[in-house]
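Rule-based calculations on the coordinates, nothing more; no lab input. Quick caveat, the model's predicted, so the values are computed rather than measured. Note that we place each Cβ from the backbone using ideal geometry, even for glycine, and neighbour counts take in every protein chain shown.
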Amino acid sequence: MVHRLSFEAVNRAFCDIMDVPFSGAHYKPFGGKVVLLGGDFRQTLPIVADAGREESIDSSLTCSFLWQHCTVLHLTENMRVVASRESQRSTFGGMPFTEWTLAVGNGNVPGKSFPSNQSTDWIEIPESLLLPSSGNPIHTITSTVYPDFAQRFHNVSYLTERSIITPTNANVTEINSHMLALIPGMPRTYFSGDSLHTDASDPDRLEAEYPTEFLNSLSFNGCPEHQIDLKVFAPIMLLRNLNPSIGLCNGTRLMVLYLGHYVIKGMIMGGTFNGKTVAIPRIVLSVNDYRWPFVLKRRQFPVRLCYAMTINKSQGQTLQNVGVYLPKPVFSHGQLYVAVSRVRTPDGLRFLIMNEDGVPSNCTRNIVYQEAFVDLQTPSS
Ligand SMILES: Nc1ncnc2c1ncn2[C@@H]1O[C@H](COP(=O)(O)OP(=O)(O)OP(=O)(O)O)[C@@H](O)[C@H]1O
């Protein structure tokens, strides 16, 4: 979800554009233009660094002055899951799959209290969705989601329909490295060119304080790593909108076809541009993080391997086979709902959950800030 300040910035731009003398447009929301917004408040709220519950809620559109001008319309049918009869057959916590996913999103799955922390937002995942608990967890989850990988690693439809999702980038990296090593051949490595930019009066001091090696070690959400290892046939995800008119959007998945010095060629996996071959150049990405007194400029291919991806990054994807890997529970509103709602049928959804002692478990945390839904009722709904 977009931060409310972004909506407010667009609102101001519209007011400016539409402003002509005596029109009053300047005082109307979006300059008097009708704007259609789509979203699901059960999904994750805007990401605000180090934010607590209040800051997360405050960042959502419902806390903007614009919200009073919005009319809420509800979609009533789950088009993603409804196509499958499978989802109607079995029950999950006594409910059909579609209802169970909504109950997870609404925070209505009965909680399980633990004497140690008295937290009530822990829920049991139905037995039929759990993976067997023996052996190495990375091996268990990868071999379940990617069966017969050695024979099928270059099959584009096989890769298109599956992914492992997990809350943190550290686990994503671990799984991606594991999978890349299973493809024959040596990887091609791309290093970024990193530099810092600052308005400070003494940039030389900052450059001495933050040498290139330090800049190389920095990782940011939504920014490619300093070192990217790739092989032909590996699935990658684009991290920037390069050219939406040909399908190159933030979140587009591609299978690598060619690893050149100046471009990476790939085949788009899924969506309107499925099967289209495209070239991706290196670009300069700017990262402004409040922890550092400079803007990092990183010249790199804006891609990341995507055998596994974070739950947040998986928003918008529809997949046939999803492995939800939870070595630690989710940490923010809506993440568990996003995880359970990526599939068309419950057959394609499997969980591997570890408790704090690293022992497989059937309980996990479901974080739902009920305040996020308070303003969503309309008189007619
Ligand atoms: N009108 C429709 N008819 C048939 N299937 C549909 C329709 N709309 C959506 N779908 C199916 O539901 C899936 C999810 O649709 P879409 O990605 O547009 O929803 P969304 O609300 O953006 O999803 P997300 O939960 O990722 O935010 C699509 O992959 C598509 O298969």
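Using 0.36 nm per residue and subtracting the Cα-Cα separation, the extra length available between LYS297 and MET95 on full extension is 67.7 nm.
What the phi angles of the range 314-326 give under the Karplus curve with 6.51, -1.76 and 1.60, with θ = phi - 60°, is a coupling list of 7, 4, x, 8, 10, 10, 7, 10, 10, x, 9, 9, 10 Hz, glycine and proline written as x.
Net charge in the neighbourhood of GLN300 (other residues with Cβ under 13 Å of its Cβ; Lys, Arg +1, Asp, Glu -1) is +3. Measuring r between the beta carbons of THR272 and ASP199 and using R0 = 30 Å, the FRET efficiency lands at 0.10. Helix-only estimate, please: 222 nm mean residue ellipticity of the chain, summing -39500 (n - 2.57) across DSSP H runs of length 4 or more and dividing by its residues, to the nearest 500. Computed ellipticity for the chain at 222 nm equals -6000 deg cm²/dmol. Under 5 Å between amide hydrogens, built in the peptide plane, is the criterion, and for PHE351 it picks out LEU130, LEU131, VAL324 among residues at least 5 positions away or on other chains. Where the centroid of each part is defined by its Cα atoms, how far is the range 290-338 from the range 1-24 in Å? Centre-to-centre distance over Cα atoms comes out at 31 Å. Restriction of the trypsin sites (Lys or Arg not before Pro) in the range 1-97 to DSSP coil positions whose beta-carbon has at most 16 other beta-carbons within 10 angstrom yields LYS33, ARG85. For a label point 7 angstrom out from the Cα of ALA9 toward its Cβ, which stretches of the range 258-295 have the backbone nitrogen within less than 19 Å? Zone members listed by number: 284-292, 294-295.
Taking a point 7 Å from the Cα of LEU206 along the Cα-to-Cβ direction, the residues of the range 259-293 with backbone N closer than 13 Å to it are 287-293.
All other residues whose Cβ lies under 12 angstrom from that of PHE41 are scored, Lys and Arg at +1 and Asp and Glu at -1, for a net of -2.
Near the amide H of PHE153, within less than 5 Å, lie no amide hydrogens of residues on another chain or at least 5 residues away, with H placed in the peptide plane.
Check each of the GluC sites (Glu not before Pro) in the range 1-85 and keep only those in coil by DSSP with at most 16 other C-beta atoms within 10 angstrom; list them in order. Those satisfying the criteria are GLU77. Once the chain from SER143 to ARG80 is taken as fully extended at 0.36 nm per residue, the excess over their C-alpha distance is 20.1 nm.
Relative contact order of the chain, taken over Cα pairs closer than 8 Å and 6 or more residues apart, is 21 percent. Along the range 182-197 the Karplus relation, 6.51 cos²θ - 1.76 cosθ + 1.60 evaluated at θ = phi - 60°, assigns HN-Hα couplings of 7, 7, x, x, 8, x, 9, 10, 10, 9, 7, x, 10, 8, 10, 10 Hz to successive residues, with x for each Gly and Pro. Once backbone amide H atoms are built at 1.01 Å from N, VAL330 has ARG365 as its partners under 5 Å, excluding neighbours fewer than 5 places away on the same chain.
Residue-wise HN-Hα couplings along the range 226-236, as the Karplus relation 6.51 cos²θ - 1.76 cosθ + 1.60 with θ = phi - 60° gives them from phi, are 4, 10, 10, 9, 9, 10, 4, 5, 6, x, 10 Hz; Gly and Pro carry x.
May I ask for the percentage of alpha-carbon pairs in the chain that lie more than 41 Å from each other? Of all Cα-Cα pairs in the chain, 19 percent lie more than 41 Å apart.
In a DSSP loop and with at most 15 other Cβ atoms within 10 Å, the chymotrypsin sites (Phe, Trp or Tyr not before Pro) in the range 1-100 are PHE22. The residues packed around VAL145, meaning those with a beta-carbon under 14 Å from its beta-carbon, carry a net charge of +1 if Lys and Arg are +1 and Asp and Glu are -1. Annotation: lysines with alpha-carbon distance below 24 angstrom to LYS231 (same-chain offsets under eight excluded): LYS265, LYS276, LYS313.
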